[in-house]
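Since the structure comes first, as structure tokens, the remarks are kept for the end.
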Amino acid sequence: MLQVVNIRSKREDIIAALKKRNIDAEALIDEVIALDEKRRSIQFRLDESKSLINTLSAETGSLFKAGETELANQKKQEVSAIKEESVPLEVELKEVSATLEKLLYSIPNAPHTSVPKGKSSEDNETLRTWGEATDAPHHTPHWDLTSKYKLIDFETGVKITGAGFPIYTGKGAKLQRALIQFFIDEADAAGYTEVIPPLLINEDSGFGTGQLPDKDGQMYYANEDNLFLIPTAEVPITNMYRDMIVDEAELPIKNVGYTPCFRREAGSYGKDVRGLNRLHQFDKVEIVQLDTPERSYTTLEAMVSHVEGLLQKLELPYRVLRLCGGDMGFTSALTYDLDVYSAGQSRWLEVSSVSNFETYQANRMKLRIKRKDGKKEAAHTLNGSALALPRIVAALLENNFDGNKINIPSVLVPYTKFETIS
RNA sequence: GGAGAGUUGGCAGAGUGGUCGAAUGCGGUAGUCUUGAAAACUAUUGAUCUUCACGGGUCCGGGGGUUCGAAUCCCUCACUCUCCGCCA
């Protein structure tokens with residue numbers, strides 16, 4: 001969530017930034033400011049009466065010890081009276097704080113100055129493209145290839161679970177593992193520490209990264225234990241640092257993790273869900289960084305470059321987009337999407353989303369930096385897919401199909417241990 | 001799943017109704033000593049809200065209660081450990 005201090009001191013900037021998300025937040029922001037002022041004034045009065053109660057209670061104690069029972073009883077009654085008076089204040093403080101918090105949870109992150117205005121994915125800004133985004137001569141969609149070469153069994157997946165839960169078989173399974181290993185090796189070389197996190201998370205973690213309170217409908221829920229299946233490794237990995245104060249010297253913290261991801265994808269349909277385009281369970285390698293506010297945007301660019309490097313090594317044509325305000329995620333301040341060209345479907349497929357959340361997540365999860373001078377402030381959190389597997393597999397198959405066989409990009413051959421699929 | 005024990009500052013660990021935000025040890029930081037280091041000694045060392053500041057409030061797993069006053073008593077939830085059961 002946004003920090004109240006910032007809302008107070010940068011009211012205009014925040015309202016202007018939120019306009020890019022097509023939100024007129026003026027009334028909301030002013031309500032936050034008013035509630036915060038109210039909260040502070042109540043707390044001040046409450047603190048005063050508590051201070052008085054503490055003093056009088058201590059005096060009562062000494063009087064009892066000294067045997068001055070009568071005086072002590074008098075003080076006792078005095079304290080009771082003050083306490084009674086402060087009860088409504090206490091109730092009010094709780095109410096005001098709860099309302100304020102709820103309001104803060106409902107405000108999305110303020111977009112970075114570079115974020116373009118816009119309503120939908122149409123308005124995203126294409127920054128650059130790499131490679132030739134041209135259709136393959138045979139123009140075969142991957143679902144035909146996966147069935148022709150027996151790489152993925154969608155039907156049996158339906159039988160044992162349901163749509164969107166594919167079974168990778170034979171070389172399809174090996175390709176999958178090869179990609180994961182390749183991605184992790186690359187991240188390793190770039191200085192990321194690998195983690196294998198839990199695939200189920202509790203409510204606090206869901207709140208920390210911003211999936212809760214409103215996006216619970218997108219996560220699978222393990223009712224009996226009140227746990228959620230992770231929609232992305234971002235959640236467990238970032239939450240490793242929840243409620244922590246990290247020394248400035250330890251930053252940046254760089255983690256990479258491979259996990260399956262689970263998404264209910266309620267409301268999706270049509271060509272979007274065909275084949276590997278959108279699944280309920282898919283594999284992803286995620287990179288996560290924690291850094292200082294002054295460095296985080298440089299870090300963001302470095303993360304994008306890392307992802308671009310992966311795509312270049314895989315020889316997949318791609319483009320880099322800067323998301324417009326209307327298409328950005330709730331918690332992000334700036335997001336770059338990377339799309340690969342799918343030569344069998346003639347469309348771009350999003351394979352990575354790299355974001356800087358600034359202090360939005362850190363503030364929620366109480367993740368702070370301890371500066372050299374001892375001062376504490378919220379850290380910046382960032383993450384990105386590096387990469388999401390299914391659409392990479394889709395593009396890889398489609399783009400490298402020559403009519404007779406599928407040629408594996410040379411960088412992957414040491415991992416797959418086969419050069420072609422035929 | 002059953003039975004029992006526990007949860008205190010970065011860590012270990014005292015503290016069972018008042019002066020306890022909390023002894024002590026370790027660790028951290030600064031200094032003395034030393035050519036330097038170690039050792040020793042001295043000092044310092046939690047978080048959070050509020051205030052220009054002085055100061056004040058809150059926090060001893062979470063929530064609630066009893067009391068003039070709670071780390072300490074009661075209720076409740078969560079977690080950890082030990083034993084038993086089950087099991088990759």
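Is it fair to say A:LEU179 is crowded, with 21+ Cβ neighbours inside 10 Å, within 21 Å of A:GLY257 (Cβ to Cβ) and not assigned by TED's automatic domain parsing to the domain that holds A:GLU101?
For A:LEU179, the condition - crowded, with 21+ Cβ neighbours inside 10 Å, within 21 Å of A:GLY257 (Cβ to Cβ) and not assigned by TED's automatic domain parsing to the domain that holds A:GLU101 - is met.
Please verify whether A:TYR269 is free of Cβ contacts under 8 Å to residues at least 60 places away in the same chain and either open to solvent by 40 Å² or more (accessible area, probe 1.4 Å) or among the small types (Gly, Ala, Ser) (or both), treating the condition exactly as stated. Full working, then the answer.
Working: free of Cβ contacts under 8 Å to residues at least 60 places away in the same chain: yes; either open to solvent by 40 Å² or more (accessible area, probe 1.4 Å) or among the small types (Gly, Ala, Ser) (or both): yes.
Answer is yes for this residue.
Among the listed residues A:GLY61, A:GLY67, which satisfies the condition of being open to solvent by less than 80 Å² (accessible area, probe 1.4 Å) and more than 10 Å from RNA strand B (Cβ to nearest atom)?
A:GLY67
Against the condition at pLDDT below 85 and either in a helix (DSSP H, G or I) or over 21 Å from A:LEU100 (Cα atoms) (or both), how does A:LEU71 come out, does it pass?
The answer is yes for A:LEU71.
Go over the candidates A:LEU2, A:LEU52 one by one and state the one that is surrounded by 14 or more Cβ atoms within 10 Å (Cβ to Cβ), at negative phi and not in a helix (DSSP H, G or I). Quick ask: steps written out before the conclusion?
Values: A:LEU52 fails: not in a helix (DSSP H, G or I).
That would be A:LEU2, the only listed residue that is surrounded by 14 or more Cβ atoms within 10 Å (Cβ to Cβ), at negative phi and not in a helix (DSSP H, G or I).
If I go through region A:107-124 residue by residue, how many of them are touching a residue at least 40 places away in the same chain (Cβ under 8 Å) and outside any loop (DSSP other than H, G, I, E, B)?
Residues that pass the stated criteria total 2.
What residue, among those in region A:145-160 that are farther than 17 Å from A:LEU316 by Cβ and touching a residue at least 40 places away in the same chain (Cβ under 8 Å), is surrounded by the most Cβ atoms within 10 Å (Cβ to Cβ)?
The residue in question is A:ILE152.
For the list (1) under 25 Å from the mean Cα position of the chain (by Cα); (2) of a type in the set (A, V, I, L, M); (3) surrounded by 17 or more Cβ atoms within 10 Å (Cβ to Cβ), I need the number of the one condition that A:ILE23 fails.
Of (1) under 25 Å from the mean Cα position of the chain (by Cα); (2) of a type in the set (A, V, I, L, M); (3) surrounded by 17 or more Cβ atoms within 10 Å (Cβ to Cβ), only one is false for A:ILE23: (3).
Being touching a residue at least 60 places away in the same chain (Cβ under 8 Å) and in a helix (DSSP H, G or I) narrows it down to one residue among A:LEU127, A:LEU100; which is it?
Matching residue, one of A:LEU127, A:LEU100: A:LEU100.
How do the helices (runs of 4 or more DSSP H) wholly within region A:322-422 filter down when requiring 3 or more residues that are surrounded by 23 or more Cβ atoms within 10 Å (Cβ to Cβ), within 28 Å of the chain's Cα centre (by Cα) and at pLDDT 95 or above: which remain?
In region A:322-422, the matching helices (runs of 4 or more DSSP H) lie at A:389-399.
Would you check which residues across region A:31-49 are surrounded by 15 or more Cβ atoms within 10 Å (Cβ to Cβ), under 13 Å from A:LYS83 (Cα atoms) and near RNA strand B (Cβ under 8 Å from one of its atoms) and list them?
A:LEU46
The values are calculated or read from the model by the stated rules, or taken from the named source; none is laboratory data. This structure is a prediction, so every number in the text was calculated from the model and none was measured. Ideal geometry is used to build each Cβ from the backbone, glycine not excepted, and the neighbour counts take in all protein chains shown. Surface accessibility is based on the protein's heavy atoms, side chains included, excluding ligands, DNA and RNA. Shrake-Rupley method; radii C 1.70, N 1.55, O 1.52, S 1.80 Å.
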